[in-house]
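Bear in mind these aren't lab numbers, they're just calculated from the coordinates by the rules spelled out. Everything quoted here is computed from the prediction, not taken from an experiment. Ideal geometry is used to build each Cβ from the backbone, glycine not excepted, and the neighbour counts take in all protein chains shown.
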Amino acid sequence: MQNIKKLLDSEVCTRNSNCELSYEKPDPLLVASRYKDEYTILVCALFGYGKASLIVKFLDSLNFELLDEKEEVIEKELDKFYYRFQNSTDVKTIFKTFRRLKQTNSLNDIFLQGYKKENSILDGLDTLIKQIHEVANYNSQGFTFLVSSPFKRDKKLQIKQIGNAPYKRWNMFLRWMVRDDNLDLGLWKKVDKKDLIIPLDTHTFKVSQKLGLLQRKTYDLKSAILLTQKLKEFDNQDPIKYDFALYRIGQEKKIY
């Protein structure tokens, strides 16, 4: 494992830099990093699925100033916008929902309501997701995919590790907002980076298996938590600093 740590530490030194964000190496953070507004940044994270170059192309096409405009303006301006599983109504609804939320509360404050009980990232996310659905008061397959459903819970109302997806885009958003270095934005100051969970996507999942960091075969929340716990052996205070390095190693097929 020392060799793996050495490899990853070396990759972190190289990768955790804004030089890694370019149109040659596209990532939704390329667009998100231009903004300080948490709602704009969350839009970038939630649409962060699919081919990276197409994600960036779509995000570049959006006018994020619409988050402060009247709903009639949003309705008109986004009439022809769609992305993969989201039709124009889904896109318009996320902008209108975030506009409403933005007028009354910050995403950080909503998240902290759940997080501060037990320093639980998952309870913080669950509080946010439920609030978005409540304010949207809208249901479609595309919208639910975009925002995610609230976490499934057991009979004791504990969030299940098995049976829930890894919530990759949400954990990626938290990485951006909580960690503070040349890569991540560090705009949220009341969440401890040691509590973060790795944004597990297919690249990091496969690479982690090949490196021996993860034995579990199922792509789910439990795998994300197990990998996070393993990375804490390398850095207990900031395990998610390895996320971008693992992701790029997989994306660039550096390990076969």
Is it the case, given these coordinates, that LYS190 is farther than 30 Å from THR89 by Cα and assigned to a helix (DSSP H, G or I)?
no
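Among the residues that make up segment 48-60, is at least one of them in contact (Cβ under 8 Å) with a residue 40 or more places away in the chain, out of contact with any Phe, Trp or Tyr (no Cβ under 6 Å at 6 or more places or on another chain) and closer than 17 Å to VAL91 by Cβ?
Looking only at segment 48-60, we keep the residues that are in contact (Cβ under 8 Å) with a residue 40 or more places away in the chain, and these are 48-49, 52.
Next, only the ones that are out of contact with any Phe, Trp or Tyr (no Cβ under 6 Å at 6 or more places or on another chain) stay: 48-49, 52.
Now restrict to residues that are closer than 17 Å to VAL91 by Cβ: 48-49.
The answer is yes, given that some residue of segment 48-60 is in contact (Cβ under 8 Å) with a residue 40 or more places away in the chain, out of contact with any Phe, Trp or Tyr (no Cβ under 6 Å at 6 or more places or on another chain) and closer than 17 Å to VAL91 by Cβ.
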Reported set for segment 144-162 where residues are surrounded by 14 or more Cβ atoms within 10 Å (Cβ to Cβ), under 15 Å from ASP220 (Cα atoms) and of a type in the set (A, V, I, L, M, F, W, C) is PHE151, ILE159
Of (1) within 22 Å of PRO239 (Cα to Cα); (2) under 19 Å from the mean Cα position of the chain (by Cα); (3) free of Cβ contacts under 8 Å to residues at least 60 places away in the same chain; (4) surrounded by 15 or more Cβ atoms within 10 Å (Cβ to Cβ), GLY186 satisfies every one except (4)
Of the residues in segment 21-36 that are touching a Leu at 6+ places or on another chain (Cβ under 7 Å) and among the charged types (D, E, K, R), the one that is surrounded by the fewest Cβ atoms within 10 Å (Cβ to Cβ) is LYS36
(1) in a helix (DSSP H, G or I); (2) surrounded by fewer than 17 Cβ atoms within 10 Å (Cβ to Cβ) all hold for TYR138 apart from (1)
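It is to be established whether one or more residues within segment 48-56 are of a type outside the set (Val, Ile, Thr) and either over 18 Å from the mean Cα position of the chain (by Cα) or under 13 Å from PHE98 (Cβ atoms) (or both).
There is no residue in segment 48-56 that is of a type outside the set (Val, Ile, Thr) and either over 18 Å from the mean Cα position of the chain (by Cα) or under 13 Å from PHE98 (Cβ atoms) (or both).
In the list THR104, THR97, which residue meets the criterion of being loosely packed, with under 13 Cβ neighbours inside 10 Å and without any contact (Cβ under 8 Å) to a residue 60 or more places away in the chain? Full working, then the answer.
On the way: THR97 fails: loosely packed, with under 13 Cβ neighbours inside 10 Å.
Being loosely packed, with under 13 Cβ neighbours inside 10 Å and without any contact (Cβ under 8 Å) to a residue 60 or more places away in the chain holds for just one of THR104, THR97, which is THR104.
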